[in-house]
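Let me begin by presenting the structure, written as structure tokens, before commenting on it.
The values are calculated or read from the model by the stated rules, or taken from the named source; none is laboratory data. Computed from a prediction, not measured in an experiment: that's the story for all the values here. Note: ideal-geometry Cβ built from the backbone for every residue, glycine included; neighbour counts use all protein chains shown.
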Amino acid sequence: MSTPPDISSGSASGSGSDEQLDLAQASASRLGLPLQRPSLGSTPSTEPLISPGDISPSTTPVHNPFNAATAGQGRGSASQAKGLTVNVGGGGSANPFGGSNRSSRSSISNPSPTAPKIRINDMPNSPPSEDVSQAPTPPAVPDAGPAPAGQGLTSPFNRSSNLRNSINSIPASPTNKRASNGSTTSVLGGGAAVVTASGVEVGSGKNNIAARRALRMKQAQSTDSKGGNRYSNYTQPNKNAGLNRKAFQSTRLKGEIYKPWLEQKDPALRWARWITIGSIVMGFAIAAVICWDGYRSVPKLGKVCNLINEDFSSGSIDSSIFQHEVRLDGYGYGSFQWTTNDAKNSYVKDGVLYIVPTLTSDDIGVDAITNGHTVNLTADGTCTSTNVSNCVAVSNSSQLTIINPVKTARLITKNSHSIKYGKVEVKAKFPTGDWLWPRISMLPVNNTYGAWPRSGQINILGGRGNNATYDARGVDYAQSDLHWGPTVDLDRQYLTWGYREQRRTYYSQKYHTFGLEWNDQFMWTYIDSRVAQVISYRFNKESFWSRGKFPTTYTNNTEVIKLINPWLASSENNAPFDQPFYLMIDLAVGSQDGWFPDGTGGKPWIDQSGSAMSDFWAAKSKWWDSSWTAKGAKDEDRAFAIESVKMWEKC
């Protein structure tokens, strides 16, 4: 390896050479150009960086302000400048940097209109390239001619304007070729930099950051078909502006990848595929069988014949279908209403049957409700019960007995239509008001198995008019249940009941269809659709006596009585629901059987209290003023509204 030249061992005019080097550095720095030098450790000392043939004398004599006598002596400077050409002339002893120890002529030529070009030996550390012959050839620049003898380097401080200011732009057009050792390229990594009147044309060099940036900008400009501000294209993503990069290829994976599974198919894969397909098909087949079996197992009601199809389009209550029950006893529930046949309590309006609760005090006065008044429905012949006690009421303030404070209506089809097995649908809407109890039921015509609940009762609908905040289920719940048992105390209603909840609306906001289907094999109730069942029971497995799990004895006061199956005479498992039943629709007020639980929702009475009805009337302001007629509510708002009634019998 050649020994690096000793810069300090130059000619006798070393100080002049230093001044020339400093002048070149100052010129390059003045023009904003980096001063790059080759690695001295890899450069032969016998070969100059600038050959004498590259030196062209300047034709314009310029006075050197530093030292005219020694400006041409000493070392030259290898610097790269855009728009700057440094010509070093002279002879004498060899200088590793291309000068001599004799006086030499150096100048900075005028860049306008053209300027000489610079040629610098290869940079030893330049990256290799594929073929530098394809690099673009810079345009030829005419020689400016020899500079007058005795003139040194041209000082940039003597120029009227800075050379840097004459470089307007740098349009770059590099290629994908890079410089290599032994080629004549610029320090930028590509072809030589050429000074023109409009700027500097940079040679190729993809490794150069500035060149690559210029390439991206140029491609972005060329691919922008929409035009606009050329600077805006550089500040926003441009999908078409990326370099045409080659797809990534691993350097570790050589040749074609061996894929033995493509040469011969594995039988296990074939088995796995067919097992999977077969399992899917088998799953669908099993699901289809289960669905078919479930559909087949659903009992069918069979053929039915229509008995009632009432839509109240006539504008009145059809007496051939419905009868009013007039009573005062509360129908075994301890309710507080007086059911009447008064037109104020039941009427048809706009094709809808309304059962409206009204105050009894509007007819007999407030004082008569609490004291000194007697109502005898048997005497006036309006009572529909054969039991006189169900038709008489007396008010006595000392005993806290009052006349039923609310009048409503109760409609039945006992004397007109009844069915043993069939279907019933009633389209209705709940009333709005605390302690109102709308009901749709099927009651036995003849009480074949004895008094209630031995002969059974089917409640298609039971609801409450209390708002949705009521803890014991208000207008957003609808319930169905069956009453059956050998005695009142052994009523097994709690084993056969269910309800459905309205989660987004209330049963008082729109009409719903409450239905019943019933035969000797099953019984179920539903709301709006047979799919939305409330209760559903099959009769083919066990009888109601077995279902109830009744004790063998019971106690009546102090007497122990052996319990007998009241449905033993029937051969059907569905007894007592194997006899004709008729339809009942009514609106009750309050109760003493637990339908409105004590201590819930501000209930103003206690079920077991002897003054329950009197306590209810004393709290009139809470339920009448604050609930039934609150905020200007109409009579129809607190009414049980019936839009249609339909009944079919199995035939």
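Against the conditions (1) modelled with pLDDT under 95; (2) over 28 Å from Ser536 (Cβ atoms); (3) not aliphatic (A, V, I, L, M), where does Asn447 fall short? Just the number, please.
(2) is the only condition that Asn447 fails.
List the strands (runs of 3 or more DSSP E) inside the range 372-425, counting only whole elements, that have at least 1 residues being free of Cβ contacts under 8 Å to residues at least 24 places away in the same chain and surrounded by fewer than 16 Cβ atoms within 10 Å (Cβ to Cβ).
In the range 372-425, the matching strands (runs of 3 or more DSSP E) lie at 373-376, 392-395.
Residues of the range 310-340 being more than 21 Å from Tyr582 (Cα to Cα) and outside any loop (DSSP other than H, G, I, E, B), which ones?
Once the filter is applied, which keeps residues that are more than 21 Å from Tyr582 (Cα to Cα) and outside any loop (DSSP other than H, G, I, E, B), the range 310-340 yields Gln337, Trp338.
Would you confirm whether any residue within the range 470-477 is closer than 22 Å to Ile535 by Cβ, surrounded by fewer than 18 Cβ atoms within 10 Å (Cβ to Cβ) and either of a type outside the set (D, E, K, R) or not assigned by TED's automatic domain parsing to the domain that holds Glu643 (or both)?
Checking the range 470-477: at least one residue is closer than 22 Å to Ile535 by Cβ, surrounded by fewer than 18 Cβ atoms within 10 Å (Cβ to Cβ) and either of a type outside the set (D, E, K, R) or not assigned by TED's automatic domain parsing to the domain that holds Glu643 (or both).
Regarding Arg454, is this residue in a loop (DSSP other than H, G, I, E, B), farther than 24 Å from Trp338 by Cα, free of Cβ contacts under 8 Å to residues at least 60 places away in the same chain and not aromatic (Phe, Trp, Tyr)?
No, not satisfied.
Taking strands (runs of 3 or more DSSP E) that do not extend beyond the range 507-578, which have at least 1 residues that are in contact (Cβ under 8 Å) with a residue 24 or more places away in the chain and surrounded by 10 or more Cβ atoms within 10 Å (Cβ to Cβ)?
It comes to 512-518, 522-527, 529-538, 553-556.
Pick from Arg473, Arg504: which is free of Cβ contacts under 8 Å to residues at least 12 places away in the same chain and not small (Gly, Ala, Ser)?
Residue meeting the stated conditions: Arg504.
Return yes when Thr360 is more than 30 Å from Trp524 (Cα to Cα) and either surrounded by fewer than 19 Cβ atoms within 10 Å (Cβ to Cβ) or of a type in the set (A, V, I, L, M) (or both) and no when it is not.
Spelling it out, it is not the case that Thr360 is more than 30 Å from Trp524 (Cα to Cα) and either surrounded by fewer than 19 Cβ atoms within 10 Å (Cβ to Cβ) or of a type in the set (A, V, I, L, M) (or both).
Among Ser644, Ser591, which is the only one that is among the small types (Gly, Ala, Ser), touching a residue at least 24 places away in the same chain (Cβ under 8 Å) and over 25 Å from Val348 (Cβ atoms)?
It is Ser591.
So, in the range 621-651, how many residues would count as being over 49 Å from the mean Cα position of the chain (by Cα) and more than 30 Å from Gly422 (Cβ to Cβ)?
Total meeting the criteria: 0.
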